[in-house]
1. Please rank C:E258, C:E248, fewest neighbouring Cβ atoms within 10 Å first, as an exposure proxy.
2. Divide by every residue of chain C the summed helix terms, -39500 (n - 2.57) for each DSSP H run of at least 4, and state the resulting mean residue ellipticity at 222 nm, rounded to the nearest 500 deg cm²/dmol.
3. Amide H of B:V85 versus every other amide H placed in the peptide plane: which residues, excluding those fewer than 5 positions away on the same chain, fall under 5 Å?
4. If packing is taken as the average number of other Cβ atoms within 10 Å across a peptide's residues, how do B:108-115, C:26-33, C:183-190 rank, most packed first?
5. In terms of the ratio Rg/(2.2 N^0.38 Å) built on C-alpha atoms, what value belongs to chain B?
6. Let me know the mean shielding of B:13-19 by other chains, meaning the per-residue number of their Cβ atoms within 10 Å of its Cβ.
7. In whole Hz, what ³J(HN,Hα) sequence does region C:370-375 give by Karplus (6.51, -1.76, 1.60; θ = phi - 60°), x for Gly and Pro?
8. Could you tell me the number of lysine pairs in chain C with C-alpha atoms less than 19 Å from each other, where the two lysines are 8 or more residues apart or belong to different chains?
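Readers should treat all values here as calculations from the given coordinates under stated rules, not as data from a laboratory. This structure is a prediction, so every number in the text was calculated from the model and none was measured. We place every Cβ from the backbone using ideal geometry, glycine too, and count neighbours over all the protein chains shown.
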Amino acid sequence: MRVALFATCLVDTVVPQVAMATARLLERLGHEVVVPPGQACCGQMHVNTGYRREAVPIVANHVRAFAGAEAVVSPSGSCVASIHHQQALVLRRAGEDGLAAEAEALAGRTYELSQFLVDVLGVTDVGAYYPHRVTYHPTCHSLRLLRVGDRPLQLLRAVRGLTLVELPAAEQCCGFGGTFSVKNADTSTAMLTDKMANVLSTHAEVCTAGDASCLMHIGGGLSRLRSGTRTVHLAEILASTEDAVTPRQTTEPAVPA
Amino acid sequence: MSAREDVLGRIRTALGERRPDVVVPRDYRATDDRPAAQRLDVLVDRLEDYKASVLRCGPDEVAATVAAALDTGLGAGWQPASVVVAPGVPAGWRPEGTSEDDGRPAVDLAAFAATLTGVAVAIAETGTLVLDGGPLSGRRAVSLLPDCLVCVVETGQVVGSVPEALPRLDPNAPLTMVSGPSATSDIELQRVEGVHGPRTLVVVLVG
Amino acid sequence: MTTTPVRPGETPLAPGAPRSGTTFLGLPTAPRGVGHLRGDRPFPEAARDALRDGQLRANLGHATSTIRAKRAKVVGEVPDWEQLRQAGKALKASTMARLDEHLVELERQVAARGGTVHWARDADEANAIVTRLVQATGADEVVKVKSMATQEIGLNEALESAGITAHETDLAELIVQLGDDAPSHILVPAIHKNRAEIREIFLRTMPGVDPELTDEPRRLAMAARKHLRERFLRARVAISGANFAVAETGTLAVVESEGNGRMCLTLPQTLITVMGIEKLVPTWRDLEVFLQLLPRSSTGERMNPYTSMWSGVTPGDGPQEFHLVLLDNGRTAVLADEVGREALHCIRCSACLNVCPVYERTGGHSYGSVYPGPIGAVLSPQLTGVEDNASLPYASSLCGACYDACPVAIDIPSILVHLRAEHVEAQQRTTPEAAAFRLLSRAMSNPRLWHLTQRAASLGRFLARGKPTMPAALPPPASAWTRSRDLPAPPRETFVQQWTRERGGRS
């Protein structure tokens with residue numbers, strides 16, 4: 001299958017290794033990956049902060065960039081959720097009915113990584129090897145907007161060498177919430193503190209999730225605590241093999257395997 | 001313009017010309033498929049779960065069982081005259097010497113120790129008794145002020161679920177749905193039984 | 001307690017300030033200077049104080065986790081919960097679509113059964129009507145059933161200024177009233193107090209209370225029973241709200257637990273019910289849905305201990321005089337917003353508060369309105385006009401737990417996002433934030449400009465001086481992030497750049 005990769009603005013700019021891992025994983029599974037160079041952002045941050053008018057050209061750019069793609073995959077639950085639930089609405093409200101119809105059609109072909117692997121490709125064992133103790137945080141938009149359910153856990157359970165430990169109060173928000181983390185920084189930090197306490201209680205080396213944004217939040221807190229527990233995106237774990245353990249991660253495993 | 005006209009006018013302005021036509025899906029359960037015997041067990045289970053006591057008896061043993069219920073609620077040695085009975089309660093259900101509600105001022109009912117009534121409907125799934133203000137249920141104050149409430153429920157009055165109960169009730173009657181003794185969860189969201197309403201609820205299930 | 005909760009008092013009116021705003025259709029919002037819909041400071045500021053209060057955090061964490069577990073258990077018992085939820089949602093939507101017709105029908109039915117219906121455009125008018133009705137009976141005190149509507153309009157204060165004492169009879173409301181405090185939860189207004197604090201309030205304020213009173217919840221409840229018993233028996237007037245009103249039959253319903261509601265609805269001679277115009281259901285049958293949804297969502301019980309229903313007056317049983325006050329107070333302004341009107345579907349169960357990670361940590365007082373939590377964050381700004389509660393739509397991480405828990409499936413996150421946009425679009429001047437978002441919008445809709453912007457951002461790595469994270473001391477607004485979390489240093493190259501470099505023009 002020819003898969004168009006939507007890196008998302010955050011991954012592309014801040015944690016490019018997540019998109020690279022997604023691409024390598026899909027190629028390893030025998031699929032052709034294309035990266036439309038016109039891609040930028042899904043518009044979620046603008047919409048969720050109240051700038052829905054300003055989001056219109058961003059969404060239009062996204063629809064243009066991915067026009068003609070057979071399937072679009074993205075390593076971000078919240079961006080895919082925005083594509084599914086917000087893009088067409090924003091366009092329609094701005095009177096862009098034609099573009100809204102295109103956005104709707106594109107949303108129908110756009111998948112979050114774990115959903116694409118399990119539902120479209122029908123694989124749960126992607127042949128990965130990752131010899132670490134890992135806990136999984138189901139990010140809110142993956143959990144409640146996309147309903148990815150236990151797909152990420154199915155994928156993680158099939159990874160060789162990986163010890164999966166359950167995260168207490170997993171379904172509680174980490175406190176990121178986009179601009180919420182800045183506008184309500186104190187409340188956001190209080191939520192993060194509880195999330196980190198739960199992560200650390202698992203004694204996992206790695207906390208993983210399907211959203212780079214939430215991981216940047218949790219990881220930023222864990223790094224500030226110098227806790228030794230790192231955040232690694234689900235795509236990076238699934239892309240890891242014996243030959244290339246944790247490709248291009250910013251830090252080494254806290255506990256040597 | 002009157003406030004009435006003003007508010008109604010505002011609603012019409014707010015809704016505009018195009019009012020959505022909403023279809024209400026009613027694919028939730030309308031009936032309860034449990035066999036009758038099981039339905040009674042569910043009722044008992046739910047009543048007891050909410051700290052009501054339940055005594056079961058045959059149709060000929062009602063008065064004696066009500067007396068036993070009053071033993072449960074008031075302790076042995078209760079005074080029959082301190083038990084007020086809704087006027088429509090059959091003679092065969094009443095222990096000897098109890099007092100029928102004589103229509104005295106409502107606040108004076110607080111002097112009674114216990115109340116005996118029937119019910120209009122009972123709902124198994126929620127452990128609910130419905131009193132409808134009729135002669136069998138009595139006026140509302142009767143089942144409210146005395147601290148112990150004894151309700152006699154006949155098996156034919158037991159329905160499975162809320163949707164089965166409402167059609168049996170008169171929407172214009174003064175209705176009280178009772179599910180267990182009065183309770184509060186206002187302190188640390190912990191349920192504590194017994195606040196202003198009867199602190200003891202005993203149900204006599206007949207048949 | 002390290003801080004005293006601030007009563008969400010109304011900001012005093014500046015001379016010449018308008019009493020109330022209007023929406024674009026000219027529909028008035030709830031007036032300023034009366035009632036409890038507006039806080040006196042923005043949410044982040046109020047939340048900061050609440051977050052510092054360790055006792056409050058502990059009380060809220062304990063209470064909300066208890067109720068979450070109870071709710072999950074009893075909702076899990078119902079195999080058709082989702083069907084009931086969708087029916088509830090549709091019923092509310094269809095009610096709103098014909099609200100005027102249903103209200104007129106309700107009025108007709110109540111009047112036919114001996115009740116009197118009054119209409120109130122706003123809080124002031126409702127307070128005046130109720131005060132006049134109480135004065136007409138000659139009573140100088142009333143007993144009250146817990147009611148959000150009367151809290152919203154500040155009825156107790158209005159009665160007090162007319163020399164009428166209002167006794168709250170719900171246990172939690174009593175705790176709040178005796179403690180000279182403000183409610184912080186829709187269902188359990190004293191959720192922010194633990195048993196030891198409640199004991200202290202009772203010992204301090206209840207005349208004749210047993211000095212040996214312990215903090216055992218049962219003992220505290222018994223103290224309240226004793227305190228209120230005599231007030232119930234002597235009361236001539238009661239004031240209630242309503243959970244539901246059935247248009248076709250004129251039936252009103254109050255759902256409660258303690259029996260204080262039954263006392264108020266049964267014993268006094270006169271009953272005055274204040275009800276928001278959105279509380280209607282069209283038919284008797286519709287209650288079969290809501291009586292299943294509400295208790296399980298609210299107290300986490302299969303059914304609450306007592307539900308009272310009445311229509312008009314019943315000779316020989318209960319109050320012989322009944323008044324129903326139908327309250328607008330900004331509701332029609334909410335109705336005018338096609339997205340926001342869903343907030344009127346709320347049945348005040350408070351499930352959204354109990355699952356909200358923001359509410360759990362900040363408590364209800366931070367919201368400044370009697371309607372706290374997720375539903376408050378969408379309802380209060382709409383009732384008052386969004387500019388009077390502009391911080392509330394942002395008081396959410398948009399995690400969506402509220403939407404999942406809502407028994408009538410109100411899409412609260414979408415309404416929050418909508419209200420943020422309403423606020424942004426209402427700004428007359430360009431804020432620095434708006435300027436930044438506009439620039440970013442231009443960049444993100446033009447690939448060439450976007451790549452330049454990304455390249456500029458990657459220069460930020462020089463601030464990190466080769467470390468994997470940026471320095472903790474960055475200027476605002478980045479400082480709001482770096483105060484408690486590290487920010488990764490941007491990489492040398494973006495993914496798209498690297499991909500294009502490695503794979504050439506192949507795409």
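1. C:E248, C:E258
2. -14000 deg cm²/dmol
3. Here B:S99, B:E100, B:D101, B:L116 satisfy the definition.
4. C:183-190, C:26-33, B:108-115
5. My calculation over the Cα atoms of chain B gives 1.24.
6. Rounded to a whole number, the mean comes out at 6.
7. Once rounded to whole Hz, the list reads 5, 9, x, x, x, 5.
8. Lysine pairs meeting both conditions in chain C amount to 7.
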